[in-house]
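*Asks:* I'd like to ask you about the structure that follows.
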Amino acid sequence: MSAGSPVSNKTSPSTSPQPPLSPTAQSDIEGHEGPKPTPVASLLSLPCWATQALCDLARCETDLRRLREQHVTEAQTVGRGVERALLGAQREERRLLERVEQDHRDLQLRLEQVQRDNGAAIRVGQRLIDQRLYKVIKLRELIKKCGGDGNKDREWDLKRDQLLKGVAELVQPWEVSLTLNRVSFKPSAQPNAVTFVSRSLSMSVIDNSSQKRLNHFTSGRQNSLNENRLRGERSEPALLELEEDAESLAPEQVRLVRQFGKQGSGRADFTLPSGVHATPQGQLFLVDCGNARVQVTDAHGNILQQVTSPSNDLGGSSRRCRNYFDVAVNAKGLIALSCAAERALLILSRHGRLLQTFGGGPYIAGVPRDELEAPRGVTVTQRDEFLVADLRKGTLTALKLEPKTGSRLERTVVTGFHRPYLVAACLHSGLIAVSERGSEMGQEPCVKILGPGWDTLRILGVCSSLGPILSCPWGLCIDKDGSVLMADWGEKHRVLLYPSEGAGRVIVSDGLSSPRGLALLPNDLLVVSDSMHHCIKIYQYK
């Protein structure tokens with residue numbers, strides 16, 4: 001073949017074709033060098049089966065690379081979700097820890113309050129018993145001294161009668177009633193691991209043998225009186241008083257000064273009047289429950305102002321609050337009004353404009369956190385704070401409010417009460433009285449007297465030797481002498497007075513039907529809201 005002859009397109013038979021690369025080698029090379037398009041000439045130079053195999057491998061490689069990209073994307077998405085879940089779990093852990101710490105702090109405060117209440121009750125009981133023991137020791141010394149005296153004259157007879165009288169008084173049925181809160185703690189992951197159980201403990205110091213000794217001393221004293229009568233001698237009046245029945249003693253006369261109001265919805269009418277508040281200036285704020293309003297009057301019943309139900313609350317939703325229960329007014333003119341139906345405490349300005357609402361929802365799992373659940377009684381303390389009794393939570397809540405807006409500045413919660421209902425405070429002494437309705441757990445109705453430091457000083461209405469037993473205590477008030485006045489519903493609707501020292505007594509027992517609210521005006525005037533008679537009655541009780 002000459003040099004100028006054209007080159008043939010066909011492969012010379014003597015020239016052998018290059019063997020094709022194996023798939024592994026091909027993949028390794030492409031993995032390092034990246035995918036490259038196969039030249040058309042090289043494909044044409046390969047057999048059909050090799051060309052088809054290479055095309056299949058190229059498609060497989062493309063699918064694998066696409067799958068790898070999807071896996072990377074999916075792994076990144078899942079990783080971000082796990083990180084978000086981890087952060088959320090950490091936040092939830094912190095929130096749960098804070099909640100558990102807060103619950104334990106609240107529980108610790110409640111247990112400390114229970115401890116203080118039990119300590120105060122025990123101290124009162126021990127003091128009463130110690131006084132009784134001291135009387136027994138002194139009387140025993142006097143009896144030994146008198147018994148060893150051989151001179152039996154008139155003076156000796158009188159001294160003997162006095163000693164017998166003292167013995168008869170000491171061996172009479174006598175009780176020390178203690179209201180103690182028993183607490184059991186069981187460590188558990190469940191809520192409410194601590195159980196509070198109240199028990200009213202009554203200890204009697206007289207039995208059958210003591211009763212026989214009492215009858216013996218009584219008969220001995222009677223014989224001594226008979227001997228004195230036969231001799232024509234006159235015994236001391238104190239001995240004659242022992243022969244009288246305690247119920248026959250006439251109670252202190254309380255005079256009805258005036259009453260005003262009648263059933264209706266007119267300007268000067270009332271329907272089921274409830275809570276009463278008296279200002280130091282002599283104005284009366286009267287809850288007219290049936291007419292859903294508060295009547296402001298002077299001491300003679302002249303209407304000065306009417307506070308009606310607010311038509312709008314702060315959220316703008318229209319509602320009409322009814323079933324008002326109790327009312328109080330502080331020195332700045334703010335009006336606190338408890339509403340049983342709405343389970344809320346309304347704060348109004350002196351002109352009746354609604355400023356704030358405490359309680360009334362919204363509820364979380366049926367219970368509002370850090371809010372009132374069932375506010376009932378409300379009063380003003382010596383610090384010009386509103387004090388609210390919460391029937392369901394068993395607490396007293398003191399609220400210090402901003403004078404213009406009524407917003408809350410400070411809040412103090414005192415726990416450990418059994419269905420507290422109404423509350424009263426003395427602006428002179430700082431004493432606080434709260435009535436408890438009792439419960440099916442054995443807790444009897446009573447009235448607790450608290451000091452300015454929230455410590456329990458006295459428990460009234462549970463011991464017959466200290467005054468009448470309470471059936472259903474309602475309105476309360478404390479005068480400047482420390483005497484506690486309260487309305488009680490039993491077989492008779494009455495008003496009781498418990499002095500600061502000595503036993504309580506009934507001061508009003510007639511003419512009342514469901515007395516609810518009590519308040520004190522200057523000059524020792526007692527204001528009583530006579531609910532079922534739909535009027536207000538004012539008594540001179542001193």
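For (1) of a type outside the set (G, A, S); (2) over 30 Å from L396 (Cβ atoms); (3) in the same structural domain as N181 (by TED's automatic domain parsing), each residue gets a yes or a no:
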position	(1), (2), (3)
H71	yes, yes, no
T77	yes, yes, no
K135	yes, yes, yes
G148	no, yes, yes
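*Asks:* Assess whether A389 counts as being within 25 Å of I469 (Cβ to Cβ) and surrounded by 14 or more Cβ atoms within 10 Å (Cβ to Cβ).
*Replies:* yes
Okay, residues lined up against (1) small (G, A, S); (2) over 28 Å from A374 (Cβ atoms); (3) modelled with pLDDT of 95 or more:
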position: Q281; (1), (2), (3): no, yes, no
position: L286; (1), (2), (3): no, no, yes
position: C289; (1), (2), (3): no, no, no
position: L304; (1), (2), (3): no, yes, no
position: V307; (1), (2), (3): no, no, no
position: N312; (1), (2), (3): no, no, no
position: C321; (1), (2), (3): no, no, no
position: V327; (1), (2), (3): no, no, yes
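*Asks:* Same structure again: Residues L497, L526: which one is more than 17 Å from D288 (Cβ to Cβ), touching a Phe, Trp or Tyr at 6+ places or on another chain (Cβ under 6 Å), crowded, with 21+ Cβ neighbours inside 10 Å and of a type in the set (A, V, I, L, M, F, W, C)?
*Replies:* It is L526.
*Asks:* Could you run through the range 500-523 and say how many residues are of a type in the set (D, E) and crowded, with 21+ Cβ neighbours inside 10 Å? It would help to see each step written out before you state the result.
*Replies:* Filtering the range 500-523 down to residues of a type in the set (D, E) leaves 501, 510.
When the remaining residues are screened for being crowded, with 21+ Cβ neighbours inside 10 Å, the result is none.
Qualifying residue count for the region: 0.
*Asks:* Looking at A503, A487, which is the one that is farther than 21 Å from I122 by Cβ and either without any contact (Cβ under 8 Å) to a residue 12 or more places away in the chain or not in a strand (DSSP E or B) (or both)?
*Replies:* A503
*Asks:* Taking K404 and the conditions (1) surrounded by fewer than 16 Cβ atoms within 10 Å (Cβ to Cβ); (2) in contact (Cβ under 8 Å) with a residue 40 or more places away in the chain, which numbered condition does it fall short on, given that it satisfies the others?
*Replies:* (2)
*Asks:* Something else: Can you pull out the residues in the range 414-455 that are surrounded by 19 or more Cβ atoms within 10 Å (Cβ to Cβ) and among the small types (G, A, S)?
*Replies:* G416, A424, A425, A433, S435, G438
*Asks:* Now for a different question. For the range 506-519, how many residues are in a strand (DSSP E or B) and either within 26 Å of the chain's Cα centre (by Cα) or at pLDDT below 90 (or both)?
*Replies:* The initial filter retains those residues of the range 506-519 that are in a strand (DSSP E or B), namely 506-508, 515-519.
Going one step further and asking which of them are either within 26 Å of the chain's Cα centre (by Cα) or at pLDDT below 90 (or both), we end up with 515-519.
Total meeting the criteria: 5.
Conditions tested, residue by residue: (1) closer than 30 Å to V413 by Cα; (2) in a helix (DSSP H, G or I); (3) of a type in the set (D, E).
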| site | (1), (2), (3) |
| --- | --- |
| R66 | no, yes, no |
| L86 | no, yes, no |
| R91 | yes, yes, no |
| R94 | yes, yes, no |
| E101 | yes, yes, yes |
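The values are calculated or read from the model by the stated rules, or taken from the named source; none is laboratory data. What you see is a predicted model; the values in this text were computed from it and never measured. Glycine also receives a Cβ, built like all others from the backbone with ideal geometry; neighbour counts cover every protein chain displayed.
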